[in-house]
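The values are calculated or read from the model by the stated rules, or taken from the named source; none is laboratory data. The structure presented is a predicted model; accordingly, all values stated were derived computationally and were not measured. All Cβ positions, even for glycine, are placed from backbone atoms using ideal geometry, and neighbour counts span all protein chains on display. Accessible surface areas use protein heavy atoms only, side chains included; no ligands, DNA or RNA. Shrake-Rupley method; radii C 1.70, N 1.55, O 1.52, S 1.80 Å.
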Amino acid sequence: MEDQNYTIKDIARMAGVSAGTVDRVLHNRGDVSPKSKAKVQKVLDEIHYQPNVFAIGLAAKKKYSFLCLIPYYIEHDYWHSVVGGIERARQELRPFNVGIDYLCYHHGDEKSYQEACLAIKEKNVDAVLISPNFREETLALTAYLQENKIAYAFVDFNMEEARALTYIGQDSYKSGYIAAKILMRNYSAGEGQELVLFLSNNKDNPAEIQMQRRLDGFMSYIAEEYNNLVIHEVILNKSDQESNQQTLDEFFRAHPKAALGVVFNSRVYQLGEYLRHAGRSMKGLIGYDLLKANVELLKSGDVHYLIGQRPGLQGYCGVKALCDHVVFKKSVEPVKYMPIDILIKENIDFYFEFVNINFINYN
């Protein structure tokens with residue numbers, strides 16, 4: 001239909017319902033039969049109805065409370081970037097009386113995550129942005145939110161059975177598949193090169209589902225393309241670099257043909273820094289996330305590829321999606337996949353990720 005202004009009476013006439021019914025559908029209040037709601041929604045879709053968000057902001061008396069359940073963070077890490085995007089959304093939504101608060105937990109710590117999930121039940125909130133960690137605790141939390149008609153969205157990792165309003169982040173399996181395809185471009189079959197999976201000592205932790213999905217995608221590509229490739233697993237400690245150095249020294253002495261490596265989390269800097277200080281190198285090394293230390297190693301050539309997940313954009317889009325649903329009564333896409341960005345030292349200087357009002361450049 002061509003653009004024009006439609007009144008509630010126009011929409012009611014086109015849908016064959018009362019103006020009161022249209023008003024209740026638009027503002028998501030009162031009882032409306034599924035049949036009448038479907039009639040109104042069909043007309044709204046046909047006329048490409050968009051609510052006047054500025055009028056809503058001026059007229060709104062209700063204050064909306066959004067809560068973000070995310071891991072604790074430090075400056076320059078992945079979750080610091082997520083918060084930067086959330087804060088940008090907060091500034092844009094201030095005219096609409098949207099307030100945002102945080103509840104943090106220690107990633108991979110089941111007790112910490114459980115306590116944070118329980119704390120949400122003590123708060124009066126309209127929407128929750130969640131970085132899901134442990135499955136059972138997440139399902140218990142989302143069951144409570146559903147029961148109390150509180151909207152929730154996921155970022156970073158999608159737990160499909162929890163039926164979030166929307167998920168915003170990468171396809172973890174696909175990113176692992178692509179990581180393998182990129183890394184194996186450095187493989188030379190005639191040289192007897194060997195592949196190393198550098199895994200975390202937390203790899204069996206139920207909270208590390210995302211890392212497992214990346215590994216599954218990676219190994220799927222390897223199984224499709226390489227039948228006789230020698231593959232090693234090396235377990236690195238998340239917080240003990242001295243122990244890692246001993247492990248890596250012993251491994252590389254025993255396996256001089258280990259030429260290609262992959263790290264499935266943001267700590268590829270642990271391996272890159274070891275290689276630099278030990279005077280070693282790999283023909284191909286890929287990891288995740290544009291942490292400052294990772295980017296420095298990418299530029300120096302100790303790391304060859306990084307996969308960026310646009311964490312700032314995830315935080316921003318997560319809050320905006322909740323606002324669209326809760327405040328503006330707009331429909332929201334159930335999944336918004338982030339691009340799988342492949343960064344190398346030749347293009348990293350041209351990549352940026354926004355936080356707050358400005359852009360962060362990796363120069």
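For residue 115 and residue 186, FRET efficiency with R0 = 56 Å and r from the beta-carbon atoms, rounded to 0.05?
On the way: r = 44 Å, r/R0 = 0.79.
Calculated transfer efficiency: 0.80.
How big is the Kirkwood radius of the range 308-357, worked out from every pair of different alpha carbons and given in Å to one decimal?
Kirkwood radius, the range 308-357: 12.7 Å.
Can you give the FRET efficiency to the nearest 0.05 for residue 10 and residue 122, using r as the Cβ-Cβ distance and R₀ = 30 Å?
0.10
Using the basic label-point model (7 angstrom from Cα toward the beta carbon), what is the residue 201 to residue 28 distance in nanometres?
4.6
Tell me which GluC sites (Glu not before Pro) from the range 72-181 have a DSSP coil assignment and no more than 12 other beta carbons within 10 Å of their own.
Passing both the DSSP loop test and the Cβ count: 75, 122.
Kindly give the semi-axes, whole Å and largest first, of the ellipsoid equivalent to the range 184-292, taking each as the square root of 5 times a Cα gyration tensor eigenvalue. Please list the in-between numbers first.
Working: eigenvalues 85, 72, 31 Å².
Working through the eigenvalues yields semi-axes of 21, 19, 12 Å.
Rg and Dmax of the chain over Cα atoms: what are they, in angstrom?
According to the Cα coordinates of the chain, Rg and Dmax are 24.1, 79 Å.
Considering the convex hull of the alpha carbon atoms of the range 5-147, report its projected area averaged over all viewing directions, in nm², one decimal.
In nm², the orientation-averaged hull projection of the range 5-147 is 11.0.
Hey, if you drop one equal point scatterer on each alpha-carbon of the range 208-363 and run the Debye formula without solvent, what base-10 log of I(q)/I(0) do you get at q = 0.14, 0.20 Å⁻¹?
Here log10 of I(q) over I(0) equals -0.82, -1.35.
Output ³J(HN,Hα) for the range 263-268: one whole-Hz value per residue in order, computed from phi by the Karplus curve 6.51 cos²θ - 1.76 cosθ + 1.60 with θ = phi - 60°, and x for Gly and Pro.
Coupling constants for the range 263-268: 10, 9, 10, 7, 9, 5 Hz.
Would you please give the residues with an amide H less than 5 Å from that of residue 235, counting only those at least 5 places away or on a separate chain, with H modeled from the backbone geometry?
199
Accessible area per residue of the chain at 1.4 Å probe, in Å²?
So the chain comes to 51 Å² accessible per residue, rounded to a whole number.
At q = 0.20, 0.21, 0.29, 0.32 Å⁻¹, work out log10 I(q)/I(0) for the range 8-51 with the Debye formula, treating every Cα as an identical point scatterer and leaving solvent out; two decimals please.
Log10 of I(q)/I(0), two decimals: -0.50, -0.56, -1.10, -1.32.
If you bin every alpha carbon distance in the range 132-178 into 10 Å steps from zero, what whole percent lands in each bin?
All Cα pairs considered, the percentages come to 26, 51, 18, 5.
So which lysines pass the test for residue 238, namely a Cα distance under 21 Å, with those fewer than 8 places away in the same chain ruled out?
Qualifying lysines at Cα under 21 Å: 111, 203, 292.
Where the accessible area of the range 119-194 is counted over protein heavy atoms with a 1.4 Å probe, how much of it, in %, is carbon and sulfur?
Roughly 45 percent, rounded to a whole number.
Under the 0.36 nm per residue contour assumption, what length would be gained going from the current alpha-carbon distance of residue 276 and residue 245 to full extension? Working shown, then result.
On the way: separation 31, 0.36 × 31 = 11.16 nm, distance 1.18 nm.
So the chain would gain 10.0 nm between residue 276 and residue 245.
Do me a favour and compute the ellipsoid semi-axes for the range 249-327 from its Cα gyration tensor, root of five times each eigenvalue, largest one first, whole Å.
Semi-axis lengths for the range 249-327 are 36, 11, 9 Å.
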